[in-house]
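Here is the structure we will look at, set down as structure tokens.
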Amino acid sequence: MKVFSSNIIKPLFSKWDFFLVAWLSVLTLSLGYKINIIPLLALFVGAKLLAKTSQLLYKLLVVIYSLIGFLYAPTGIIYGSPDVNVVGSFLYTTSEESIGYLKQTPYYAFLLGLIVLMLGIALTIEKKSTHAVASKKSFIMLSLFFIVLVSFGPVKKNRIDLSAYRFINDLVTAYRTVSTQNQGYAAIMQKKPIWQPVIKSRRYHTYLLVIGESVRRDYVHAFGGQFNNTPWLDSVPATLFYNYISAGPATVISLTNTLVYKQDREKQLNNSVVTLAEKSGFETWWLSNQGVKSHSDSPIARIAKSANHTGFINTGKADYSAASSDENLLPLLAEALKNPAGDKLIILHLMGSHPRACDRTQGRFDSDIGSKELSCYVTSIAMTDSLLHKANQLLSNATANWTMMYFSDHGLSYIDKNSSRAYLTHGDNTKQNYQVPFFILSSDSTQRHVISQRRSGLDFLSTFAQWLNIDDPAITSRCSMLSKSDCDEVNTVYDFNEQLTNYAALPSIP
């Protein structure tokens, strides 16, 4: 037994193995995966075998993955492994948004990335890999052990559950998905819309659709929120939808599944609410405080550019600072309202309450609720309420016949809840990621109504068509969406991978 221990166990494991296990553990976390013992052990044994086979390749991979872990840790800790949302956000995000995101990221995410890098450096600068397998017998034993581990643990259901492998595979898969989508979007935008609307009657001549950003319904006072941040919406005779859920948990995923017609799950960007309105005789405007670039435009920017008139405050960038207040859209709205066109659809796309909220409130908040960022978030919703009030005044001054619809694209999740560092960011694992405010106010509204029946962004085309009071053979209406009718509840939403998931099964974390 003593001979076996000295000849086998000692060569198999050395003091450097502790650093290797530690590095693999923190690397797994930084790449956005959970630590599972068997896959971790398989990675450990595989690394020892590689160190024996090729020192150069072993150290090269340690360096590469240390850098990847260091750079990806802030994203991996908050959003997890690479998916369609992460890759899409990277492609459509500008440097301004990236800086804002990094400012908001908790310090421990950077610390984890730094630990990955330091351990990786330690593993590569040693004069010789003392954790490499020393003897041929040990090499054979570990090789057999590795085969058993991989066969009965990480490899299952045609998936290799090794974080180092999964990261590359998930990243490539998500990139291909987004790239294929973008190519399809560019091609389909060249096609003519399929719309053949039948106009029943024109109830209003000016329709204003306001798309909010990152607003959780439970933070809006008019929808039952505890903070008094919507004095205007509290007082007007609007119809409030208390049970509206967004189609997705992030802007692109949500709005492309809200504003666009789909056939066999293919999103036909040429068949959007914009082109439907144009086919119905409306002059259209898309006025945005979200950025637009001359290249790598998001699908939302492509939809926007299909309008008869566009106005982007931040051409060539996205400015998430206070300098780009949503109120800068009001002069553009005033100009659109002055246009002599008879019937108008004007879409305002706000920056709203996009993280970081304190950047747009200039660090100002009306009341301290225990976290500066959450306090700013409450105030950012008050700023949107003020903007909607001013937009309402512009509408009333310009025409006697108007209607306004507002909804937010998605909600948010807590990070470090119940601490002074608490803030809200994108997520797809709670009901609050999808619970958003939705209301309609018109020039002839006289009473305040609350609709508690479930309404979904996946039904928005039907809702929008009923708002315009039109029918179209391509749009199926399951019920009267703008009334208190009990419709068959849509209980599915899209997650970050743009896969349908059961909304009812998600936890509620108020």
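The values are calculated or read from the model by the stated rules, or taken from the named source; none is laboratory data. These numbers were taken from a predicted model, which means no experiment stands behind them. Here the Cβ positions follow ideal geometry from the backbone for every residue, glycine too, while neighbour counts run over all protein chains shown. We work out accessible area using only protein heavy atoms, side chains counted, and drop any ligands, DNA or RNA first. Shrake-Rupley method; radii C 1.70, N 1.55, O 1.52, S 1.80 Å.
Things worth noting here:
- Ligands, DNA and RNA left out, the accessible area of the chain computed with a 1.4 Å probe is 57% carbon and sulfur.
- Nearest-ten-degree value, helix 37-53 long axis tilted from longest Cα axis of the chain: 50 degrees
- Angle in degrees between helix 372-398 and the longest Cα principal axis of the chain, rounded to the nearest 10: 30 degrees
- In Hz, Karplus ³J(HN,Hα) per residue of the stretch 475-491 (6.51, -1.76, 1.60; θ = phi - 60°; x = Gly, Pro): 9, 9, 9, 7, 5, 7, 5, 8, 10, 8, 4, 7, 8, 4, 5, 7, 10
- Only beta bridges with both residues in the chain are counted; by DSSP, about 45 percent of them are antiparallel.
- Modelled FRET efficiency - R0 51 Å, Q55 with D264, Cβ distances, 0.05 increments: 0.45
- Take the Cα of K34, step 7 Å toward its Cβ, do the same at H309, and the gap between the two points is 5.3 nm.
- Unit charges on C-beta of K, R, D, E only; dipole of the chain, Debye: 2060 debye
- Residue among A400, I381, N339 farthest towards the positive dipole end of the stretch 317-474, charges placed on Cβ: I381
- Packing-based ranking of 23-29, 194-200, 490-496 yields 23-29, 490-496, 194-200, ordered from highest to lowest mean Cβ neighbour count within 10 Å.
- Förster radius 41 Å - calculated FRET efficiency between S508 and V198, Cβ distance, rounded to 0.05: 0.50
- F19/N328 FRET efficiency (R0 45 Å; Cβ-Cβ; nearest 0.05): 0.25
- C-alpha long axis of helix 136-152 to longest principal axis of the chain, angle in °: 30 degrees
- For the stretch 316-437, the solvent-accessible area with a 1.4 angstrom probe is 35 square angstrom per residue.
- Peptide ranges 227-240, 209-222, 50-63 listed from the most packed, as the mean C-beta count within 10 angstrom indicates: 209-222, 227-240, 50-63
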